[in-house]
Amino acid sequence: MDKPGATADTELKARIREIIGDEAGAAFARRCGIPESLLRKYLNGSQPSVRNLVVMARAAGVSVEWLATGRREKAGAQETLRTTPEEEHLIAAFRALPKPLRAAALRAVRAMAGLDGGDD
């Protein structure tokens, strides 16, 4: 017999697979800023934290509510991530870095932002 919520878990996994589409899981995880191992856990039934649900929805351009529940509109118009001029400068500077330095820069920024608290 299925455990309670098994259908909802299966549906969430299906929606996560849908937003990944043909993109490699590792590439999608990088776009989201989450470890690939954590994305694999979600695809195997673990529940994402609210923060990670939000970053996945934003990376995919879908609404958080649709990703979490399957309800409402899939398109996330109000949740489309718009970058500020400062963010655009940061992105340009990051892209200008030699590839070997990008991982270190990303770790530093994530640490400063308090996003290096481990897998959640």
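A short reminder: the numbers here are calculations on the coordinates, not readings from a lab. Computed from a predicted model, the values in this text were never measured in an experiment. Using ideal geometry, Cβ is built from the backbone for each residue, glycine included, and neighbour counts are taken over all protein chains shown.
Search the structure for amide H atoms under 5 Å from the amide H of Val62, placed 1.01 Å from N in the peptide plane, and list their residues when 5 or more places away or on another chain.
So Val62 has HN proximity to Gly76.
Could you give me the ³J(HN,Hα) list for segment 42-48, computed from phi with Karplus coefficients 6.51, -1.76, 1.60 and θ = phi - 60°, whole Hz, x at Gly and Pro?
Couplings: 5, 6, 9, x, 5, 8, x Hz.
Work out the FRET efficiency for Glu86 and Glu65 from their Cβ-Cβ distance, taking R0 = 25 Å, and round it to the nearest 0.05.
0.30
What distance in nm separates the two pseudo spin-label positions at Arg51 and Asp22, each 7 Å out from Cα along the beta-carbon direction?
Taking the two extended label points, one gets 3.4 nm.
For Ser49, Ser63, which order do you get if you count the other beta carbons within 10 Å of each Cβ and list the fewest first?
Ser49, Ser63
Order by neighbour count: Phe94, Phe28, fewest other Cβ atoms within 10 Å first, most last.
Going from least to most buried by this count: Phe94, Phe28.
³J(HN,Hα) across segment 100-114 via Karplus (A = 6.51, B = -1.76, C = 1.60, θ = phi - 60°), whole Hz, x for Gly/Pro?
For segment 100-114, the Karplus curve yields x, 8, 4, 4, 5, 5, 4, 4, 5, 5, 4, 5, 5, 7, x Hz.
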